[in-house]
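Just so you know, all these numbers are worked out from the coordinates, no wet-lab data involved. Please read these numbers as outputs of a predicted model, since none were measured by experiment. Cβ sites come from the backbone with ideal geometry, for glycine too, and all protein chains shown count toward neighbours.
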Amino acid sequence: MTPKRADRPPYDEPELTDDEIHWIREQRRQHQHEVWLRGQIRIIWPWVVSVVGALVGAVIWIKEHVKW
């Protein structure tokens, strides 16, 4: 059973400084950006692979079927 709030001893740790709070917020922003970027890569990567594959296939077909 957990003690009630009034029974808990106060924390002896000091509060965070402004620099530490800024650093934590910056880390959160960077993490959110990384999550967003990974989502974009998951969406765009199949398109890139498809386009490159189509271009390579077209070049190979042109080399084999077109006489210069």
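Before moving on, here are some points about what is shown:
- HN-Hα J in Hz across the stretch 43-57 - Karplus 6.51, -1.76, 1.60, θ = phi - 60°, x for Gly and Pro: 7, 7, 4, x, 5, 4, 4, 5, 5, 5, x, 5, 5, 5, x
- Efficiency of FRET between Trp61 and Leu37 - r from beta-carbon atoms, R0 35 angstrom, step 0.05: 0.50
- Each Lys or Arg adds one and each Asp or Glu takes one away; over the other residues whose Cβ falls under 14 Å from the Cβ of Ile21, this sums to -2.
- Each residue of the stretch 23-29 is assigned a 3J(HN,Hα), and the resulting list reads 4, 5, 5, 5, 5, 5, 4 Hz, derived from the Karplus form 6.51 cos²θ - 1.76 cosθ + 1.60 (θ = phi - 60°), x at Gly and Pro.
- Burial ordering of His65, His22, fewest other beta-carbon atoms within 10 Å first: His65, His22
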